[in-house]
Amino acid sequence: MELRNMLETLLAGVFICQVSNSKLYQQLQNEETRSKVNETLAELGRHLCHTEHYEVYYCAYTDLSQVQDAKRVRNQFEAIRDQIAPVLSFITLQMRAEGRDAVLISGDTVKFHDLLSNIEQEQAHLNDLKQLGRYELFKKIRPKTASQERLITVLETLEKEGYIVLTNKESSIYQVSGKIEYFYSCLNFIRDHEQIPLEEEDEVQRGLELDN
């Protein structure tokens, strides 16, 4: 049953990491388990993937000769590409507001009340938070919404997209999931193949270098 649950989770497009699903993640740390998963996925034209340091597992299509499969992969890639600007903008805002030198990585904590307090201390941060509403990803943000409601919307959206996980509902504390490492991998790939006209990219890149 555990193998079935793992396969269904992967085939649903869910990213498995220590934060989002520690039980399945620990099982995938076992090479024998990964082999069994890959064996079954191969029958479905897919294979198990992971980031460079095994922070997160996910599955991908093995053969893109089928038009339908190639279209799905293209749609998935375009979805991530469209999230680059808004997610980078949030990471940059979080770095500036909290005085961080390094970017968010898997396992990091995002405390809603602390982040809101830091943002509200400077008008520049409030302006950056407001500007997040211009992105399609954060389209639920209304122009006249208070800063608290804006930040709630941003974090709830990032949670829905799988980048963060609400680990303490009462205190509104989130943990960054392993999907952020996949995001950085995609960012590096796209940066190497396309030009990304973002002011935030240089700052985030410096943060990535400091984190490594």
Next item on the list: Work out the length of the dipole vector of the chain about its Cα centre, built from +1 on the beta-carbon of each Lys and Arg and -1 on the beta-carbon of each Asp and Glu, and round it to the nearest 20 debye.
Entry: 820
Margin query: Amide H of residue 107 versus every other amide H placed in the peptide plane: which residues, excluding those fewer than 5 positions away on the same chain, fall under 5 Å?
Written below: 176, 177
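Over segment 2-61, what relative contact order in percent results from Cα pairs under 8 Å that are six or more residues apart?
Working: 60 pairs, mean separation 21.1, N = 60.
Averaging sequence separation for qualifying contacts and normalising by length gives 35 percent for segment 2-61.
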Next item on the list: Taking H placed 1.01 Å from N in the peptide plane, check which residues at least 5 places from residue 59 or on another chain put their amide H under 5 Å from its amide H.
Entry: 49
Checklist line | Correct choice for Cα extents along the principal axes in Å that was computed from the model, options (1) 55, 39, 33; (2) 62, 39, 34; (3) 60, 41, 30 | finding: (1)
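For 185, 117, what's the fewest-to-most ordering of other Cβ within 10 Å of each Cβ?
On the way: 185 16, 117 12.
So the residues, fewest neighbours to most, are 117, 185.
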Note to self: What is the angle, in °, between the Cα long axis of helix 31-42 and the longest principal axis of the Cα atoms in the chain? Nearest 10 is fine, range 0 to 90.
What the structure shows: 80
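Quote the relative contact order of the chain in percent (integer), defining contacts as alpha-carbon pairs under 8 Å separated by 6+ residues. Please list the in-between numbers first.
Values: 254 pairs, mean separation 50.6, N = 212.
Averaging sequence separation for qualifying contacts and normalising by length gives 24 percent for the chain.
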Note to self: Could you give each residue of segment 4-13 its phi-based ³J(HN,Hα) in whole Hz, using Karplus coefficients 6.51, -1.76, 1.60 with θ = phi - 60°, and x for Gly or Pro?
What the structure shows: 4, 4, 5, 5, 5, 5, 5, 5, 7, x
Item checked: Helix 67-98 axis, angle to the chain major axis (alpha carbon atoms, nearest 10°) -> 30
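Could you please rank 15, 77, placing first whichever residue has the fewest other Cβ atoms within 10 Å of its Cβ? Display every interim value, and only then the final one.
Numbers: 15 26, 77 13.
In order of increasing Cβ crowding within 10 Å: 77, 15.
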Check: Which Cα, out of 94, 57, 7, lies furthest along the positive dipole direction of the chain (beta carbon charges, K/R +1, D/E -1)?
Finding: 7
Margin query: Quick one: 3J(HN,Hα) in Hz for segment 125-138, Karplus 6.51/-1.76/1.60 with θ = phi - 60°, rounded, Gly and Pro as x.
Written below: 5, 4, 5, 5, 5, 5, 5, 4, x, 7, 8, 4, 4, 10
Next item on the list: Could you work out how far helix 147-160 tilts from the main Cα principal axis of the chain, as a 0 to 90 degree angle to the nearest 10?
Entry: 10
Item checked: Karplus 3J(HN,Hα) series, Hz, for segment 100-117 with 6.51 cos²θ - 1.76 cosθ + 1.60 (x for Gly, Pro) -> 8, 9, 10, 6, 5, 10, 4, x, 5, 9, 10, 9, 3, 5, 5, 5, 4, 4
Margin query: Going by amide H atoms built from the backbone, whose H comes under 5 Å of the H on residue 46, apart from near neighbours?
Written below: 62
Notebook entry, point to check: For 54, 174, what's the fewest-to-most ordering of other Cβ within 10 Å of each Cβ?
Noted result: 54, 174
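Each reported figure results from applying straightforward, stated rules to the coordinates on display, with no laboratory input. Only a predicted model underlies this, so the values are computations on that prediction, with no experimental measurement involved. Note that each Cβ is placed from the backbone with ideal geometry, even for glycine, and that neighbours are counted across all protein chains shown.
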